[in-house]
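Report on the following structure.
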Amino acid sequence: MVTKKSKFAFQQKPMIKYFKKNALLFVVSSFVALLGSSCGSTKQKIYFEDLDSSKVSQLNIPDFKEPLIQTDDILSISVQTIDVAASAALNQLPVLSGMQGGNGAVGGFLVDKAGNVEMPILGILKLAGLTSSAAKEVVRARAAQFYKEPTVQVRFANFKITILGEVSKPSSYNLPNEKVTILDAISMAGDLTVYGKRENVLLMRQNGEKREIVRLNLASSEVLSSPYFYLKQNDVLIVEATPAKFAINNAPRNQLISLGLSLAAFGLTLFRIF
């Protein structure tokens, strides 16, 4: 004879077995969902990973071409003579507000729309279309008409590049010299973050009336031979983020979604049991 107690225990066995099976499925699915939503690869990649570390590689670096002076450039022009008073008058650089610079102003001579600069005593000089080296000789020749053996220096006061995206210090940088590579620029910006996409760095360059857009692969040594290895004035670099960055940014939301789905599955399991 089967008692009520033993009959109830008999009926509970398949129910408990069913609950254990579905509860285990619930726990496993929840763990996988949470793990998948929060994890992303942050593996640190290296530059020029195609180079063989066991031997010395020889690569052809492109020739550096001096940038040409353009309209709206700002030039720092220094003229030194044996006459100290005359040198002081020549070297009073005008301060141009609203131009590139950390304080919103920069000292120098603006190249006007006609390609000229106007200097004290020396007058108007046509410098657009010249390199800084050639411009120095033009200024020297004009200064020699007034002074004996003048010494002249000409450089860009607003030679600027901009670095945006996944770098430690995205910003615009005024450079002290004209010969700068893409590696120099990345170094100034504190290098790429662990989420920076080395295989796909975007370079934008103004070339006359057109804008050039090119993508560079810093994981390949071929970039060292690229005509874009040396940067030009007003170049813009944009470092894109890897999918891991987006995964981490969206992790809290994805975890809530996964948790909600898991709770719903658990509720459905309980409904099926009872």
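The values are calculated or read from the model by the stated rules, or taken from the named source; none is laboratory data. Since we're looking at a predicted model, the values are computed, not measured. We place every Cβ from the backbone using ideal geometry, glycine too, and count neighbours over all the protein chains shown.
Points worth noting:
- Residue within the stretch 142-159 that is of a type outside the set (D, E, K, R), touching a strand residue (DSSP E or B) at 6+ places or on another chain (Cβ under 8 Å) and without any contact (Cβ under 8 Å) to a residue 60 or more places away in the chain present: no
- The stretch 54-87: number of residues that are at positive phi and of a type outside the set (Asp, Glu): 0
- Flag for residue 214 being surrounded by 18 or more Cβ atoms within 10 Å (Cβ to Cβ), at pLDDT 85 or above and of a type in the set (Val, Ile, Thr): no
- In the set (1) in contact (Cβ under 8 Å) with a residue 24 or more places away in the chain; (2) touching a helix residue (DSSP H, G or I) at 6+ places or on another chain (Cβ under 9 Å); (3) exposed (fewer than 15 other Cβ atoms within 10 Å of the Cβ); (4) of a type outside the set (S, T, N, Q), the condition left unmet by residue 237 is number (3).
- Here residue 178 qualifies as at pLDDT below 90 and of a type outside the set (Lys, Arg).
- Within the stretch 118-130, the set of residues being buried (at least 16 other Cβ atoms within 10 Å of the Cβ) and either over 13 Å from residue 79 (Cα atoms) or modelled with pLDDT of 95 or more (or both) comprises 125, 127, 128, 130.
- Taking the conditions (1) assigned by TED's automatic domain parsing to the domain that holds residue 83; (2) farther than 22 Å from residue 80 by Cα in turn, residue 169 satisfies each one other than (1).
- Any hit, the stretch 125-137, residues being part of a strand (DSSP E or B) and assigned by TED's automatic domain parsing to the domain that holds residue 91: yes
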